[in-house]
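Reading through the structure tokens given below for one structure.
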Amino acid sequence: MTQRLNGTVAIITGAARGTGEATVRRFVEEGARVLVADVLDEQGRAVAAELGDQAAYHHLDVTEPDDWADAVHAAIEQFGDPSVLVNNAAILDVGSIAAMDPAVLTSIVAVNQIGPYLGIQAVIDPMKRLGGGSIVNVASIDAIEGSNGVAAYTSSKWGLRGLSKAAAVELGRAGIRVNTVCPGGGSSEMTAPFVAEAMDRLKDRTERLPDRPISPFHRRGELADYANAIVWLASNESSYVSGTDLVVDGAFTAGKVEPGAPFS
């Protein structure tokens, strides 16, 4: 069976764990050579070492233009010009709009929105040399709908969707495709502290809270679901797909399941 990313050179950020790590592994399975980029050096090196010659680790703070220049240079020296960039690195903070420290908002936007912008800037020239490429920005279902407690994160991810669409229009003549994946989940390590806080807040509540929407699927999304979507957008199978949002959430944001209504 032909590997869908055979000969591809990719840079994947936030690649030491979660969706990024799962994506690195799928890319390698599909024949790509990958620069594993993150600030979690020990974890990132371990991922790259396990995957052998097809992967190499590079420290990358996505908020630093010089780090991006170094990362692209490292990818070129190690593997060749990158034809794929996956902007996956992100941070999360949970808090009400009233209580959110502006410095926290600024840090979230810096990583989640400005980081991908800098990444796109950094790969334009090598992708032009290749005659095109694919940029995949990893957002969230929080970029599709709103939710309490995550206004800073949500606004950064909506901004990322806007960036993807503008970049798709601007870079299309160079053969560079830009798309957004909106997963229904992600790194459990990133969300774990906030889940614990939520459980603490709920334990003393006595009033009835609104029911959480029910997913039409009988399972939760898995990292492999998100990684497979990213592989498709990176491959030539999606060669005429650009400027779109690929929502991978098992129809969670498509509507709601009405208890008692007919099912097929």
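For I12, state whether it is in a strand (DSSP E or B) and either touching a His at 6+ places or on another chain (Cβ under 6 Å) or among the aliphatic types (A, V, I, L, M) (or both). Here the answer is yes, as I12 does meet what is asked.
Taken together, the criteria exclude T106 from residues that are surrounded by 15 or more Cβ atoms within 10 Å (Cβ to Cβ) and polar (S, T, N, Q). Checking the stretch 20-28 against the condition returns a match, with at least one residue being acidic (D, E), modelled with pLDDT of 95 or more and either more than 17 Å from F79 (Cβ to Cβ) or under 15 Å from the mean Cα position of the chain (by Cα) (or both). Scanning the stretch 141-165 for residues that are buried (at least 20 other Cβ atoms within 10 Å of the Cβ) and among the aromatic types (F, W, Y) returns a single hit, Y153.
Looking at (1) without any contact (Cβ under 8 Å) to a residue 60 or more places away in the chain; (2) buried (at least 23 other Cβ atoms within 10 Å of the Cβ), which is the only condition V84 fails? All conditions are met except number (1). Residue count for the stretch 164-187, restricted to those that are in contact with a Phe, Trp or Tyr (Cβ under 7 Å, 6 or more places away or on another chain) and either over 15 Å from D245 (Cβ atoms) or at pLDDT 95 or above (or both): 2.
Of all residue pairs spaced 6 or more apart or on separate chains, those with beta-carbon atoms under 6 Å, a first member in the stretch 98-110 that is within 24 Å of N87 (Cβ to Cβ) and a second member that is part of a helix (DSSP H, G or I) and not aromatic (F, W, Y) are M100/A152; L105/A152; I108/A152; I108/S156; V109/S156.
Residues that are touching a residue at least 60 places away in the same chain (Cβ under 8 Å) and in contact with a Gly (Cβ under 7 Å, 6 or more places away or on another chain) were ranked within the stretch 14-45; the one that is surrounded by the fewest Cβ atoms within 10 Å (Cβ to Cβ) is G18.
Is it the case that some residue within the stretch 59-66 is over 19 Å from L130 (Cβ atoms), β-branched (V, I, T) and in contact with a strand residue (DSSP E or B) (Cβ under 6 Å, 6 or more places away or on another chain)? Break it down into steps so the answer makes sense when it comes.
Residues of the stretch 59-66 that are over 19 Å from L130 (Cβ atoms), as a first pass: 59-66.
Applying the additional criterion that residues be β-branched (V, I, T) yields 62-63.
Retained after the next criterion (residues that are in contact with a strand residue (DSSP E or B) (Cβ under 6 Å, 6 or more places away or on another chain)): 62.
The answer is yes; a qualifying residue exists.
The values are calculated or read from the model by the stated rules, or taken from the named source; none is laboratory data. Keep in mind it's a predicted model, so treat the numbers as computed, not measured. A quick note on method: Cβ atoms are made from the backbone with ideal geometry, for glycine too, and the neighbour counts reach across all protein chains shown.
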